[in-house]
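> What follows is a single structure, and I will ask about it in a moment.
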C-alpha cells in the first residue's frame, strides 16, 4: 500500500463513524492530539482516499504489456476450493488408473468474494499456483470494500515491500504496528498508533497481506515474518486477515489460526467470460478466439487457459495475429518463460531465492526434459515425491561444479521449482505432476530434438500408433532445425502397419495405380487420399473420415471436395436399414452439394466422385425398410445423374455415356417404387463403375485388417500435419512419397 493510502486509511473510518470514533479513543490520544484530529480535514480527504485507492488497486499489470488495465474490466469471479491439494491423500497407482478422482474437487468450488463477505471466519490463508490470480483477487476485494460491498476498511500490505523496509532497517525486526504507524506518520497523520489500534480492536479493519512466497527464505527472513504475522493475528482477533501465498511455498504452521483455501483453476465458463471481457471492444474477434480455441488441435491451449496468467498470454497472442500459431511450441515456450522468468523479474521486480547456484535456465530445461521423457515413455503422469527427488538428485550430480553439494538438495530444488515456477505441482500429499500435460509433452519433444544423435527420433516413431504420443510428434517436428531424418523414419514405420497384410498391400497398390491414371493438377498425396476415401465400404465411416482429413490438408479443389463429403456422407448402410426415408436422406442425400462440387473438380475426379455418390444413394434406396421418395429428392437424384453423363461426354467417354443413359431410362425405378426395385440398377451401376473407372471394388477386409488400415491412414494424417510444421529440404519429395505401398517406400529409401 502506498504511503498516502496508508495515511488516509483512517479517513474512511472517520467518514463512516465520525465523532463516535474520536470519543472511543480520546483517552488514548490525549487532549492535544484530540484537538489535532478535530482540525484535520477529514471530509475532503475521504473523497481523495477513495480516488487514490481506486487508482492504486483498480488496475492490474498484464503479462506481455507495459500498460495497466482496469481490473473490473477483465476480472472474472475467483472460485475457491476449501480443501488444499497438499491435504489430499491418494495412492499413486489409484491416480494413474483414475486421474479424474482429482476432478471431484470441482464440486467444492465456492465464490471467493461471497465466502469472504460472509465474515464467518476471520483468518484466511489463500493458496494458489503461480499466475492463479491471488493478488488480483485481493485487489478486487479492496475495490469492493471501497464500493461499500464490505463493511470494513481495507489495508493492503505487500509483504515483499514490508520485507524490503525491514531489510534496510537498523534492527531488522518484523513488527507490523511500527511499520503501519511509520507510514501514517510520514503523512502527518495525528497520533496514528492509537487510531490504528482502535481500527483493529473494533474489527473494522480488513488486512490483506499479499505474497508470502515473494519474501526470501535467506537469513530466515520469511520465518521471522511468519512469526510476526502470527503474533499480530493473535493480538488482534477481531479484524479479518487474508494472507496469500503460492501453494508450493505455503507454510502450514499457522493452521491453528488460519483456514487454508486454494484458488481453483478456471472452468470453461470462466474462460469464456474472461475472453469476452478481454475482447469487449472487438466482440467479433472474441467470438473468433472462442471458436478457434474449441478446435481439437488446441486441447493443450485449453489446458493452459485454466490459469489466468496463461489465458492472458493466449489473448495477447491471438490479439496480435488473429490466430493461434500453428507451431504450438512457440506458445508453450512463451508460457514456460513467463512462469520461469518474465512475470516476476520483468513485471513485478521480484527477486526470489536462488533455486540452485549451478542450475541455469538451460539446466532447468534439461532437467524437465529428462523427467518428462522418462515418465511419458512409461505412461506415467504422477510422481511420488521421493522418486522425483531421486531423479533431481541424479541430475544435479552430473552438473559441473556441483559434485560437492549436499546429496539431499533434490528436495529443496523440487520445492523451489514448484513454488517459484509452478512447472511441477503437488496434486495430493507427496504426489506431483507437471502443471499441465502440455508441458510434459513439450519437454518430451524437446528431449527428442536435443538428443537426435542418440537415436531419439528412431525411438519416437515406434510410438506412431499411440494417440497419446501424437502431440509429441507435432511438437518435435516443429522444433527440429532440419526434419529430413524425421520424415525418412516416419514412412518406414508407418508401412510396417500394413506390410504383413497382403490385402492391404493390394489396396495400397490399387490406390497408387488409380491415382497415377487420372489427369489432375492436384497433389499426388491428395489424390491418393481421395481414392482411399472412395475405396472403403461406406459402413467403415471412420476410415472415410480419416481419408477425408488427409485430403483436407491440401489446398482446393480437394478441400472443397472434403467440405461436401463431410456434409454428404456421414451415414452407414447398417444404420440405413433402421431409418425412414426422410431421416436417411436428410443425413445422406446432398445432391445439390455434390453437383456444385463436381463443377470445381478436375474431370476425372468429378466423374469418379459423382459415380460413387450415385451408387451410394441407390444402395441406400435399396436398403430402406419403406420407400417414399419426395419429388424433390427424386428430382435432385436425376439432376446428379444427368450431370454425371455430361461430365462423361465432356471427357469423350461416349461408350460409358451411352450405357449410363440406357440405365437411367430403363432401370432407374419410378419415384413410388419399392426398395426391392432399386437393387437391379445398383448391381448394374456398380459393375459398370468397376469396369470403366476401376473403382467400387469390394475390398473384403476382416476386422483386424480394417483396424490396421485405420491406423495406417491415421499415421499418414499425423505425418502430413507434422510436415505442415516442419523445416525440410525437399517438401515435394516427401509429399509424393505419402501413401505408397511398402515395397515402393523401401525402393525410395
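> Look at residue 705 and say whether it is out of contact with any strand residue (DSSP E or B) (no Cβ under 9 Å at 6 or more places or on another chain) and surrounded by 13 or more Cβ atoms within 10 Å (Cβ to Cβ).
yes
> Examine the stretch 304-317 for a residue that is within 13 Å of the chain's Cα centre (by Cα), over 17 Å from residue 74 (Cβ atoms) and not in a helix (DSSP H, G or I), and state whether such a residue exists.
No, the stretch 304-317 has no match at all.
For (1) closer than 27 Å to residue 153 by Cβ; (2) touching a residue at least 60 places away in the same chain (Cβ under 8 Å), each residue gets a yes or a no:
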position: 213; (1), (2): yes, yes
position: 216; (1), (2): no, yes
position: 231; (1), (2): yes, no
position: 234; (1), (2): yes, no
position: 241; (1), (2): yes, yes
position: 246; (1), (2): no, yes
position: 253; (1), (2): no, no
position: 256; (1), (2): yes, no
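> May I ask you to list the residues in the stretch 460-478 that are surrounded by fewer than 19 Cβ atoms within 10 Å (Cβ to Cβ) and either free of Cβ contacts under 8 Å to residues at least 40 places away in the same chain or over 16 Å from the mean Cα position of the chain (by Cα) (or both)?
462, 463, 465, 466, 467
> Among the listed residues 299, 234, which satisfies the condition of being assigned to a helix (DSSP H, G or I), over 30 Å from residue 174 (Cβ atoms) and modelled with pLDDT under 90?
299
> Sort through 155, 121 and tell me the only one that's modelled with pLDDT of 70 or more, at negative phi and touching a helix residue (DSSP H, G or I) at 6+ places or on another chain (Cβ under 7 Å).
155
> Continuing with the same structure: How many residues are farther than 22 Å from residue 252 by Cβ and in contact (Cβ under 8 Å) with a residue 40 or more places away in the chain if we restrict to the stretch 110-130?
1
> Related question: Looking at the stretch 668-699, which of its residues are in contact with a helix residue (DSSP H, G or I) (Cβ under 7 Å, 6 or more places away or on another chain), within 26 Å of residue 516 (Cα to Cα) and not in a helix (DSSP H, G or I)?
Passing the criteria: 694, 695, 696, 697, 699.
> Now for a different question. If we keep just the residues of the stretch 506-523 that are modelled with pLDDT of 85 or more and buried (at least 16 other Cβ atoms within 10 Å of the Cβ), which is farthest from residue 710 (Cα to Cα)?
Restricting to residues being modelled with pLDDT of 85 or more and buried (at least 16 other Cβ atoms within 10 Å of the Cβ), the top hit is 518.
> Tell me, which helices (runs of 4 or more DSSP H) wholly within the stretch 339-438 include 1 or more residues that are modelled with pLDDT of 90 or more, closer than 26 Å to residue 314 by Cα and within 23 Å of the chain's Cα centre (by Cα)?
Once the helices (runs of 4 or more DSSP H) in the stretch 339-438 are filtered for at least 1 residues that are modelled with pLDDT of 90 or more, closer than 26 Å to residue 314 by Cα and within 23 Å of the chain's Cα centre (by Cα), what remains is 361-377.
The values are calculated or read from the model by the stated rules, or taken from the named source; none is laboratory data. Bear in mind the structure is a predicted one, so any value in this text is a computation, not a measurement. Glycine also receives a Cβ, built like all others from the backbone with ideal geometry; neighbour counts cover every protein chain displayed.
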